[in-house]
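Okay, so here's the structure we're looking at.
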Amino acid sequence: MKKIMTIVGARPQFIKAGIVSKMLRNSYEEVIVHTGQHYDKNMSDIFFNEMDIPKPNYNLGIGSGSHAQQTAKMISELEHVIVKENPDGVLLFGDTNSTLAAAIVAAKLLIPIFHVEAGVRTGIFDMPEEQNRIVTDHLSSICFAATIDDYDNLKKENLKDKSIVCGDVMYDALLFYSKKIDFEKGDYKLNPLFHSKFIDIKKGYILATSHRPENTDDKKNLMEILKALNEMRYPVIFAVHPRIKNIVKESYLEFQNIYFVEPLSYYETLYYTKMAKFIVTDSGGLHKEAYLHGVPCTTILRGGWQQTVNGNWNEFVRPIKKDIIQSVEKRIIDKGVKRCQFGDGNSCAKILEEINKFFYEVK
Ligand code: UD1
């Protein structure tokens, strides 16, 4: 049986790898490596437990650091495990530093790379994610594009021959795990971070998150976002990424309309996204999930999934209070027409088919 090494490190990758793994394990030996980029319980373990993802065979415990330090440590540690396990291929997801480090090591060891969520391009080269995804795509043996637009981006970079559109594994995951949730009953109890102001879910709420360095490293930008959320017509559930915990701790009393909670698990994210009146986020995953659930969204990001803007479901704005308020207010009632462009929920099967062809089809 051929051996595939799945390398993950950050929250969204656990979700994507989790759903692919279910199918992959039927025909391959899978070795899971967790770089340890995300390490807090509710940034990591909770996803493995809740989604029933096999425990990683290796956790490299790299943790946080500057981009260069973090990536360098990962490269060095990953080389040991990849050499030791000698997989027939490595499976990578998205565009985090873990993705980049794994791609560099596998390429140097001449091990085929299968990249899921390839071809995303924003043209913003100072975003670490943009740098990571370009390098990974160029080093990969197969680029799995979630959408036609992503495939077109790969074509423009002369990567057409090794690229394929397979839909979005996040959509597969959303469909699969949503079936396990009782949306009527909705018995998910949120874990408050700094105070326990009660939100009546039935009366409506907005779900918000922010973790992008451009919105959080500069306190002024984060304050603009929080001030905007504080003036929303519905109360706001704000899931706090650890990188902003200290800033929020200093100022949460100013924001009486916001209920600050611990980072959400995957089931909580599915539930609280689907039930929300509106989403405000800078997460690449959450604004797509909002679109897939049919919940309008305002995304405070310079580049993201442009397809979600169709039918007015999403709008990209800058971290400016009045722009955020305006964007939410003008769309909170007026819903667009949904057009799904993220596949048909069978992306994992298509990915597996292509990997099988790669290994077994006579060329
Ligand atoms: C990373 C990815 C980003 C992805 C996001 C998903 C990169 C460059 N960025 O961003 O693309 O959208 O994950 O969530 O790979 N921290 C903790 N505990 C943790 C994890 C992080 O306290 O378990 C804190 C540390 O202070 C750390 C900071 O958060 O320095 C940032 O973590 P990092 O993994 O570098 O980037 P994210 O913002 O999570």
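Please treat every number below as a calculation from the coordinates, not as lab data. All values reported here derive from a predicted model rather than from experimental measurement. Cβ: placed from backbone, ideal geometry, glycine included. Neighbour counts: every protein chain shown.
Express in nm, to one decimal, how much length is gained between LYS227 and LYS179 on full extension, taking 0.36 nm for each residue of separation and deducting their alpha carbon distance.
Value of the extension gain: 13.7 nm.
Apply the a/c threshold of 1.5 to the C-alpha gyration tensor of the range 1-94 and tell me whether it is rounded, prolate or oblate.
oblate
Return the single residue from HIS80, HIS138, HIS34 with maximal mean-square fluctuation; model: Gaussian network over the chain, springs between Cα atoms under 10 Å.
Most flexible of the set in this elastic network: HIS80.
Can you give me the C-alpha center-to-center distance between the range 122-157 and the range 186-228, rounded to a whole angstrom?
If you average the Cα positions of each part, the centres end up 31 Å apart.
Starting with the highest mean, order 339-347, 116-124 by the number of other Cβ atoms within 10 Å, averaged over the residues of each peptide.
116-124, 339-347
Could you list MET5, MET127 so that the one with the fewest beta carbons within 10 Å of its beta carbon is first and the one with the most is last?
So the ranking, lowest neighbour count to highest, is MET127, MET5.
Across the range 320-328, in residue order, what do the Karplus-derived ³J(HN,Hα) couplings come to in whole Hz, using 6.51 cos²θ - 1.76 cosθ + 1.60 with θ = phi - 60° and x for Gly and Pro?
With coefficients 6.51, -1.76 and 1.60, one gets 10, 3, 5, 5, 5, 4, 4, 5, 6 Hz.
Taking neighbour counts of Cβ atoms within 10 Å as a proxy for exposure, in what order, fewest first, do THR269, THR99 appear?
Neighbour counts put them in this order, fewest first: THR269, THR99.
Can you give the angle from 0 to 90° between the axis of helix 284-293 and the longest principal axis of the chain, with both taken from C-alpha atoms, to the nearest 10?
The two axes meet at around 70 degrees.
Loop only by DSSP, 11 or fewer other Cβ within 10 Å of the Cβ. Give me the chymotrypsin sites (Phe, Trp or Tyr not before Pro) in the range 192-235 that pass, ordered by residue number.
Passing sites in the range 192-235 are PHE198.
Report, in degrees rounded to the nearest 10, the 0 to 90 angle that the Cα long axis of helix 11-27 makes with the longest principal axis of the chain.
Result, in degrees: 40.
Under a 10 Å cutoff between Cα atoms, tell me which one of LEU154, LEU190, LEU110 has the largest fluctuation in the Gaussian network model of the chain.
Of LEU154, LEU190, LEU110, the most mobile in the Gaussian network model is LEU110.
Sort PHE125, PHE93, PHE316 so the one with the fewest other Cβ atoms within 10 Å of its own Cβ comes first.
In increasing order of surrounding Cβ atoms, one gets PHE125, PHE316, PHE93.
For each pair in LYS202/LYS350; LYS155/LYS288; LYS55/LYS203; LYS155/LYS357; LYS180/LYS350, compute the distance between the two Cα atoms and list the pairs where it is over 28 Å.
LYS202/LYS350; LYS55/LYS203
Computed FRET efficiency, Cβ-Cβ of VAL337 and MET23, R0 30 Å: what is it to the nearest 0.05?
So, using R0 = 30 Å, E works out to roughly 0.40.
What are the residues whose amide H is under 5 Å from the amide H of VAL261, where those residues sit 5 or more places off or on another chain and H is modelled from the backbone?
Amide H neighbours of VAL261, under 5 Å, 5+ apart: LEU193, PHE238, ALA239, VAL240.
So what's the back-of-envelope 222 nm ellipticity for the chain, counting only DSSP H runs of four-plus at -39500 (n - 2.57) apiece and dividing by all residues, rounded to 500?
When only DSSP H runs of four or more count, the value is -12500 deg cm²/dmol.
Taking H as built 1.01 Å from N, whose amide H comes closer than 5 Å to the amide H of PHE93, not counting residues under 5 places away?
Hits under the 5 Å cutoff: VAL116.
By how many degrees, between 0 and 90 and to the nearest 10, does the Cα long axis of helix 97-108 differ from the longest principal axis of the chain?
That helix lies at roughly 10 degrees to the long axis.
Checking the a/c ratio against 1.5 first, then a/b against b/c, what shape does the Cα gyration tensor give for the range 161-227?
Since a/c reaches 1.5 but b/c is at least a/b, the shape of the range 161-227 is classed as oblate.
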